[in-house]
Each structure stands twice: as structure tokens, then as C-alpha cells.
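Below is one structure, written out as C-alpha cells; the observations come after it.
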């Protein structure tokens, strides 16, 4: 089952995944990605790390992780009395999806300008972006058929 994260905000002035996630959401995702993927993470695990860095309420961490699950960045499983969270994708997979999402939006809204803008990228990055755009065109044609 493929998860598609909910991306409703894009802040070009923010670094990394903070372009689409709030600071706390991004910090939590980074902590979860730093752990072994097969292990799973509890709210308590994240809270204990974050509390050392800043005094944050347990309920704030809990509600933020719940929100990340609703946005499909995390998956929740209940083990006895504890909820265990695992990422629905790796950090690199998220970045690839962000790039695809942004390119798709730009291409749909500004196709000629998007293609011209690719000429300014390094050759390898431009080729990867062109492959994404070709995939977007192919998917859109399939949807229309």
C-alpha cells in the first residue's frame, strides 16, 4: 500500500523538509528517521529526546505525531496499551515525492517556463527533472483516457 503524504503548504524560504512541514513536525520526523526503521517509535521516545532540548509538553508531541499520521507521514499501530509510530517512507522518498509534487504543479501551471528553467540546472539534475515531467505527462494522459 503506497502512502501519499498530504502536502498543502510550500514555503520556499524554509530549509529542507521545513518547506512543507512545521518546525516541530520536521524535528519529529528527523528523530524518527534517525532510529532503526524496524523498531518503531513511541510518543514517549520522541518526548524524552525533545524534552532534553526544550521544555515541551508530552501532549504537544502526542498531538503533533497524531497529525503527522493523519497527513500520512507516519503509520500507527497499537501494541498492547502503546501506540507505535513508523514512517510511511524514508526521508529520501519524501524528498523525491516533494520534488515530483512541486514539478508537477509548476509544469501544469507553467509548462514552457518550467522546461526553460531546467536548462539552468546541472545536467544530471535537469535530466532527472525531465524524467519526472515525462512521468507527469504519461500519468495525466492515462487519467484522461
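Only one of (1) in the same structural domain as residue 38 (by TED's automatic domain parsing); (2) surrounded by fewer than 18 Cβ atoms within 10 Å (Cβ to Cβ); (3) under 30 Å from residue 138 (Cβ atoms) is not met by residue 100, so which one is it?
Looking at each condition in turn, residue 100 falls short on (1).
Among the helices (runs of 4 or more DSSP H) confined wholly to region 31-144, which include 3 or more residues that are at pLDDT 90 or above and touching a strand residue (DSSP E or B) at 6+ places or on another chain (Cβ under 9 Å)?
It comes to 43-53, 58-70.
Suppose the filter is in contact (Cβ under 8 Å) with a residue 40 or more places away in the chain, surrounded by 15 or more Cβ atoms within 10 Å (Cβ to Cβ) and more than 30 Å from residue 102 (Cβ to Cβ); does residue 64 pass it?
no
The values are calculated or read from the model by the stated rules, or taken from the named source; none is laboratory data. These numbers were taken from a predicted model, which means no experiment stands behind them. As a convention, Cβ positions derive from the backbone with ideal geometry for all residues, glycine included, and neighbour counts pool all protein chains shown.
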